[in-house]
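I have placed the structure first, in the form of structure tokens, so that the comments after it can refer back to it.
The values are calculated or read from the model by the stated rules, or taken from the named source; none is laboratory data. Please read these numbers as outputs of a predicted model, since none were measured by experiment. When we count neighbours, we look across all protein chains shown, and the Cβ atoms used for this are built from the backbone with ideal geometry, even at glycine.
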Amino acid sequence: MGFFANADVSVLIAFAAYLFVMLGIGFYFSNKSKKMSDYFLAGRGLNSWVTAMSAQASDMSGWLLMGLPGAAYATGMGNYWIAIGLAIGTILNWAFVAKPLRRFTEAAGDSITIPQYLQNRFKTESPIVRLVCAVVIFIFFLVYTTSAFVSGGKLFQVVFNIDSSNELYTKAAVIISALIIIAYTFMGGFSAVAWTDFVQGLLMFFAIVALPIALISGTENFSAEMIASTQKMVAEGSDASGFASMFQGRSANSIISDLAWALGYFGMPHILVRFMAIKDAKSVKKSAIIAIIWVIISLGAAVIIGILGRLYLDSQGIILSAADQELIFIRAVKMLFPGLIAGIFLSAVLASIMSTADSQLLVTASAVANDFFKVVVKKEVSDKTLMWISRGSVMVISVIACILALDPKDSIMGIVSNAWAGFGAAFGPAILLSLYWKRLTLKGTVAGIIAGAGTVLLWDNILKLGGVMYSIVPGFVLSIIITVVVSLIDKEPSDEVKAIFEKAKTIE
């Protein structure tokens with residue numbers, strides 16, 4: 001019991017209850033996934049509430065309650081630019097992608113994955129687009145899932161009061177968080193993921209709204225503490241005006257880079273698949289309203305938590321090191337709330353991590369099984385066999401991501417931003433143009449996906465220009481240019497392909 005020796009019993013009880021519910025949902029749906037469309041799209045039967053909450057919960061991850069508040073704790077109000085970018089991206093995604101994508105994936109051979117949709121969209125037997133997509137998904141979701149396991153490990157370290165110098169226990173924390181996520185993703189497929197996301201989204205929303213209120217009420221003489229904290233920053237050489245301003249110390253490039261997070265939404269497979277799974281196109285409007293309200297309030301509150309959290313901890317004489325700044329939400333909860341309530345709110349952090357990681361694992365598994373194995377290894381294979389291959393893929397991918405998470409090379413924020421840019425630049429232009437441009441061709445789509453993903457990898461890892469401009473900007477722009485140019489050089493799509501484009505417009 002050494003791992004749990006320093007843990008608050010009431011927090012453990014809250015965690016255990018939460019995990020019991022999540023695993024129970026996974027077990028409930030374990031026998032309901034009879035075919036591939038059930039396992040990967042819940043039989044296209046999600047209602048508006050589940051679709052909305054699942055899309056946003058899977059979107060935000062541990063980044064919402066750890067990465068973004070941590071960045072705000074460190075640098076202040078300027079992080080609202082990222083929040084604004086994400087809010088804009090959410091609104092545009094629901095307004096211009098959700099309904100058309102639901103229609104197009106049904107019109108294009110009842111596609112159940114993004115790669116399969118892109119192949120069917122062009123009425124081709126060539127597997128090239130599915131294989132390219134599968135490789136991109138595997139690379140960037142491996143990175144993204146690693147960030148979830150890193151987040152989970154940090155959460156358990158604080159919850160169980162683990163000394164970060166104890167390497168054995170810190171690694172055990174990462175492994176435990178990974179095992180929990182794997183368990184119900186393995187069992188229930190998309191239905192389990194969507195319904196757990198629904199519960200997790202509600203829990204995240206409640207916690208992220210409640211904490212700023214508690215921070216203000218828990219800081220005696222709040223106005224005085226704000227002034228004192230500002231003076232302290234000035235005395236320490238920090239730019240206090242920059243901390244309290246969205247513009248001070250922010251270059252045009254940095255603001256554009258932050259707003260450019262909006263572009264990522266158009267290419268996120270784990271979000272787009274929610275649009276494909278909704279019951280019908282008519283249900284999109286209600287889902288959009290729910291999702292947009294959720295995301296605007298949640299993003300605003302996340303930045304406030306970082307800023308108010310710094311004031312609160314300053315008032316308590318506590319300064320977080322650079323390595324611990326992403327723990328501001330967790331530490332504030334532990335200090336402000338009694339055991340059982342703290343346990344519930346800390347479960348929200350685990351919810352944010354699990355709600356994204358499970359979706360990423362499922363999409364990656366679908367790419368391996370449906371877009372690689374079925375295309376390259378064995379075309380004639382039963383749905384039952386494919387589901388077991390998918391479940392095996394979940395295990396393999398998780399093991400690799402867990403190994404990477406044991407020795408992370410970057411912050412949660414850094415890991416997520418890299419994966420976000422990769423998906424946005426690779427798939428965003430392809431999805432948008434496939435929905436709105438009849439002249440788009442298969443060759444143009446493949447070239448654009450490779451150009452977008454390649455630019456991000458080169459920009460971040462070889463040229464290391466992330467400090468100049470967020471890699472999604474050059475990646476997205478180059479992907480669009482390459483896609484359009486190659487499509488125009490290529491011969492026009494066939495009448496069959498054009499017919500799919502027209503048919504999608506008539507589906508309700």
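Being part of a loop (DSSP other than H, G, I, E, B) and surrounded by fewer than 23 Cβ atoms within 10 Å (Cβ to Cβ) narrows it down to one residue among Ile403, Ile500, Ile507, Ile397; which is it?
Being part of a loop (DSSP other than H, G, I, E, B) and surrounded by fewer than 23 Cβ atoms within 10 Å (Cβ to Cβ) holds for just one of Ile403, Ile500, Ile507, Ile397, which is Ile507.
Go through (1) among the polar types (S, T, N, Q); (2) closer than 20 Å to Gln325 by Cα; (3) modelled with pLDDT of 90 or more one by one and return the number of the condition Ser165 breaks.
Tallying (1) among the polar types (S, T, N, Q); (2) closer than 20 Å to Gln325 by Cα; (3) modelled with pLDDT of 90 or more, Ser165 fails exactly one: (3).
Kindly indicate which of Thr145, Thr170 is crowded, with 19+ Cβ neighbours inside 10 Å, under 26 Å from the mean Cα position of the chain (by Cα) and either free of Cβ contacts under 8 Å to residues at least 24 places away in the same chain or under 29 Å from Val376 (Cβ atoms) (or both).
Thr145 is the lone residue from the list that is crowded, with 19+ Cβ neighbours inside 10 Å, under 26 Å from the mean Cα position of the chain (by Cα) and either free of Cβ contacts under 8 Å to residues at least 24 places away in the same chain or under 29 Å from Val376 (Cβ atoms) (or both).
Could you say whether any residue in the range 358-380 is of a type in the set (D, E, K, R), assigned to a helix (DSSP H, G or I) and closer than 22 Å to Pro127 by Cβ?
Checked the range 358-380: at least one residue is of a type in the set (D, E, K, R), assigned to a helix (DSSP H, G or I) and closer than 22 Å to Pro127 by Cβ.
Which of the following residues is of a type outside the set (S, T, N, Q) and in contact with a Lys or Arg (Cβ under 6 Å, 6 or more places away or on another chain): Ala342, Ala301?
Ala342
Taking the range 450-497 as the region of interest, how many residues are in contact (Cβ under 8 Å) with a residue 60 or more places away in the chain, crowded, with 19+ Cβ neighbours inside 10 Å and in a loop (DSSP other than H, G, I, E, B)?
So the answer is 2.
How many residues, within the range 415-449, are outside any helix (DSSP H, G or I) and either free of Cβ contacts under 8 Å to residues at least 40 places away in the same chain or not hydroxyl-bearing (Ser, Thr, Tyr) (or both)?
The number of residues fulfilling the criteria is 4.
Kindly state which helices (runs of 4 or more DSSP H) lie completely within the range 247-322 and contain at least 2 residues that are in contact with a Ser or Thr (Cβ under 7 Å, 6 or more places away or on another chain) and at negative phi.
269-277, 284-315
For the range 20-43, which positions are under 23 Å from the mean Cα position of the chain (by Cα) and at pLDDT 80 or above?
Val21
Out of all the residues in the range 112-121, is one or more surrounded by fewer than 24 Cβ atoms within 10 Å (Cβ to Cβ), of a type in the set (S, T, N, Q) and farther than 20 Å from Leu440 by Cα?
Looking through the range 112-121, none of the residues is surrounded by fewer than 24 Cβ atoms within 10 Å (Cβ to Cβ), of a type in the set (S, T, N, Q) and farther than 20 Å from Leu440 by Cα.
Can Trp388 be described as among the aromatic types (Phe, Trp, Tyr), part of a helix (DSSP H, G or I) and more than 17 Å from the chain's Cα centre (by Cα)?
yes
Among the candidates Leu458, Leu432, which residue alone is more than 22 Å from Leu259 (Cβ to Cβ) and out of contact with any strand residue (DSSP E or B) (no Cβ under 7 Å at 6 or more places or on another chain)?
Just a single option satisfies the conditions, and that option is Leu458.
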